[in-house]
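Below: the structure, in structure tokens.
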Amino acid sequence: MDIKGMLSGVSDSIQKKLIGKDVDKILKQYPDAKKDLVQHYVASGLMSKTVGPIFSMGVGLFKEALDGLSKKIGGGTKGRTAGFSVDDLGADFAGVVRMDVDTAYKKGMFTHTETAENMIGGQGVPKEVFKKIIKKVN
């Protein structure tokens, strides 16, 4: 195994230990939710509580910038081919502002606004993600 593979395995293991139970609980409650978006939501919420919302949102934006750049020059984070994802940032935002799970689900924060088949340069339709954020739900 190469060093990148080893680091990726360690990262996956740490992620599972830190947020795995919370992610699994949400996915059990909402089986049609997309796991990657739930992971962003939970991780950003945890980070926001521990280091603050600005730092947490900054980490999310930085991660998406790296994914976008990596897609252009090669490499990237393991198993991720979308590049920069506005959908991920929407889920990050929901976690950072501590939107409750039911509200986030009703707003559609755990679904993608764009499929892999129609992606152009990244994932997510910014206007649609913003609509989700401001959508009023009961």
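Values in this text are rule-based calculations from the coordinates and carry no lab data. Please read all numbers here as calculations on a predicted model, not as lab measurements. Every residue, glycine as well, gets a Cβ built from its backbone with ideal geometry; the counts of neighbours run over all protein chains shown.
Rounded to 0.05, the FRET efficiency of the residue 49 and residue 133 pair, given R0 = 25 Å and the Cβ-Cβ distance, is 0.80.
For residue 85, the residues whose modelled amide H falls within less than 5 Å of its own, excluding neighbours fewer than 5 places apart on the same chain, are 123.
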